[in-house]
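The next block holds one structure in the form of structure tokens; read it before the comments.
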Amino acid sequence: MSTPEPGRPIVLRGGTVLTMDDAHTVLTRGDVLVVGDRIAAVGTDLDVPEGTQEVDATGGIVMPGMIDTHRHMWQTAMRGYGADWSLTQYFVWYYLEHGKTFRPEDVHAGNLLSAWEGLEAGVTTTVDWSHGLQTVDHAEAAADALLAVPGRFVLAYGNIQAGPWEWTADPAVQAFLTRRRDEGKLGLQLAFDVTGDPAFPEKAAFEVARELGLPVTTHAGVWGATSDASIQLMHDGGFMTPETVYVHAASLSTDSYHRIAATGGSISVSTESEQSAGQGYPPTWQVRQHHIPVSLSMDTSVWWSADLFSAMRTTLGADRSREHLEAHVEGNTVTQLSLRAEQVVDWATRGGAKALGRDDLGTLAPGMKADVVLLKNEDSPVSFPVLNPYGHVAFQAQRGDVHTVLVDGRVVKSDGKLVGADLRAVRSQVDATVEHLRTTMGEETWQAGMNPAMPEAGAAVLDNPYTYTEYKSEDTHGARGSLF
Ligand SMILES: [Zn+2]
């Protein structure tokens, strides 16, 4: 059908429906009826009100909108720039050298692009872990961009250019948070990290969060940055609550996992990020043993995109990889895998909803908010057969297969195309930001930032007993630390 008209009920007919309800009910040839901003019914051969528009979901998969619980959306104008960065290079670039170059309009441009990017991939809710808010003008720009896009967003307010105890004490910041909270259009969190300094200066920021009634999201268990000491300080201070979201939690001790499990918080796993940047091994293989709730996240488009299919895939791979490796060290063989495709689909949907305290999201059931995704791509040979729908979502599907997306009952992507997105206008804002950064930094610094130096391998030739011919393998195969 053509793009659905707003205001009329919509039914998605005849798809494989992953309800993600408590029993993980799956309907084959199921229907999902949306009336207003809510799901009115889920079933087979549903009767629908007069005037309901129909989306043919046959051959496709209908699932709840996905939820990304940690994404630095302001960095999206730098898409792919840091593909070869380690975490250290990221810190140096954003925290120390160039993060302060971003003007409010640059934060706006990044958020706008990022917001559409998520919707296009079927991510209907994103937490904007917005730690580039040097001034309240930056925060207004971030919020305005999010509100200009018909997705569901949580603005997690942060500022890496000042200590959390400083910016949270700023009356202008508190006024912004109070006003935006009372407007109710955006979800809000406070976003800051706890360094582990025994003086615990972040305590004041936690107190502001408590006073304003806002959850805290924090990068925890990040190798070289935040550690078990941070968790202990939070725990001793009584600041670990069920609303707290621990991002990465990749290099923590069992004791820290116990504290998180006992206080009811959740962990936002960014597997692609942990694998490349080095926060620690993607932790699901550990945290699932402690029954800590998990959600998934994409971190930043300076490396990766907003694609949670990728998150599901890499999370399964990393978890299984570690499970095999741990067994091999003991001389054992894993014959039955612990982490299943069904579980990562749960984390990408329900897991995010639980992390955000939103019991009206993450499930397709009557009365829930109508954030719905249809995966269907008749032009793709990967789209059939759908035999194992969870496996299909986790390992086969990709953003190009996202056919229809509804947020709050509103169609934001239809027949594979975003609805109402003026990407040309977004592109001109992003171009202006790139131009600003590039000229401010200078071409040489810009290029050096994008192409970090290779580690020094030294002059020694790697020991290889088979190098007995005249063939100089070291000249071409990286023994001197160069691929070329
Ligand atoms: Zn992050």
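Observations
Listed here are the residues, each with its yes/no results for (1) out of contact with any Asp or Glu (no Cβ under 9 Å at 6 or more places or on another chain); (2) closer than 26 Å to Thr168 by Cβ; (3) away from the ligand (no atom under 16 Å from the Cβ).
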site: Thr69; (1), (2), (3): yes, yes, no
site: Met73; (1), (2), (3): no, yes, no
site: Lys100; (1), (2), (3): yes, yes, yes
site: Val136; (1), (2), (3): no, yes, yes
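- Restricting segment 409-427 to residues that are open to solvent by 70 Å² or more (accessible area, probe 1.4 Å) and out of contact with any His (no Cβ under 7 Å at 6 or more places or on another chain) leaves a set whose member that is nearest to Asp106 (Cα to Cα) is Arg427.
- Count of residues meeting criterion [within 13 Å of the ligand (Cβ to nearest atom) and open to solvent by 10 Å² or more (accessible area, probe 1.4 Å)] in segment 285-298: 0
- Checking each residue in segment 299-331 for being more than 23 Å from Val222 (Cβ to Cβ) and either within 16 Å of the ligand (Cβ to nearest atom) or β-branched (Val, Ile, Thr) (or both) picks out only Val329.
- Answer residue from segment 381-408, given it is assigned to a helix (DSSP H, G or I) and closer than 13 Å to Ala121 by Cβ and is least open to solvent (accessible area, probe 1.4 Å) among those: Val393
- Meets criteria (among the aromatic types (Phe, Trp, Tyr), farther than 16 Å from Ala394 by Cα and under 12 Å from the mean Cα position of the chain (by Cα)) for Trp347: no
- Of residues in segment 364-379 being part of a loop (DSSP other than H, G, I, E, B) and open to solvent by less than 20 Å² (accessible area, probe 1.4 Å), the one nearest to Ile61 (Cα to Cα): Leu364
- Per the conditions (1) in a helix (DSSP H, G or I); (2) out of contact with any Lys or Arg (no Cβ under 9 Å at 6 or more places or on another chain); (3) away from the ligand (no atom under 14 Å from the Cβ); (4) closer than 30 Å to Leu374 by Cβ, the sole criterion not satisfied by Leu113 is (2).
- For segment 62-109, filtering for residues that are surrounded by fewer than 23 Cβ atoms within 10 Å (Cβ to Cβ) and on the phi < 0 side of the Ramachandran plot leaves 23.
- Failed item, numbered, when Leu12 is tested on (1) crowded, with 16+ Cβ neighbours inside 10 Å; (2) more than 16 Å from the ligand (Cβ to nearest atom); (3) at pLDDT below 95: (3)
- Checking Ala23 against (1) in contact (Cβ under 8 Å) with a residue 24 or more places away in the chain; (2) under 23 Å from Phe309 (Cα atoms), the condition it does not meet: (1)
- Those residues of segment 26-41 which are touching a residue at least 60 places away in the same chain (Cβ under 8 Å), open to solvent by less than 70 Å² (accessible area, probe 1.4 Å) and within 28 Å of the chain's Cα centre (by Cα), in sequence order: Val26, Val32, Val34, Gly36, Asp37, Ile39
- Taken over segment 227-279, residues that are within 15 Å of the ligand (Cβ to nearest atom), open to solvent by 10 Å² or more (accessible area, probe 1.4 Å) and of a type in the set (Ser, Thr, Tyr) amount to 2.
- Enumeration of residues in segment 344-359 that are in contact with a strand residue (DSSP E or B) (Cβ under 8 Å, 6 or more places away or on another chain), open to solvent by 40 Å² or more (accessible area, probe 1.4 Å) and not in a helix (DSSP H, G or I): Arg358
- Within segment 114-147, the set of residues being touching a His at 6+ places or on another chain (Cβ under 9 Å) and of a type in the set (A, V, I, L, M) comprises Val127, Ala141, Ala142, Ala145.
- Selection status of Val334, within 26 Å of Gly264 (Cβ to Cβ), in contact with a helix residue (DSSP H, G or I) (Cβ under 6 Å, 6 or more places away or on another chain) and either more than 16 Å from the ligand (Cβ to nearest atom) or at pLDDT 95 or above (or both): no
The values are calculated or read from the model by the stated rules, or taken from the named source; none is laboratory data. Note that this is a predicted model, so its numbers are computed, not measured. Quick reminder, even Gly has a Cβ in these numbers, built from the backbone with ideal geometry, and neighbours come from all protein chains shown. Side chains included, ligands, DNA and RNA excluded: accessible areas come from the protein's heavy atoms. Shrake-Rupley method; radii C 1.70, N 1.55, O 1.52, S 1.80 Å.
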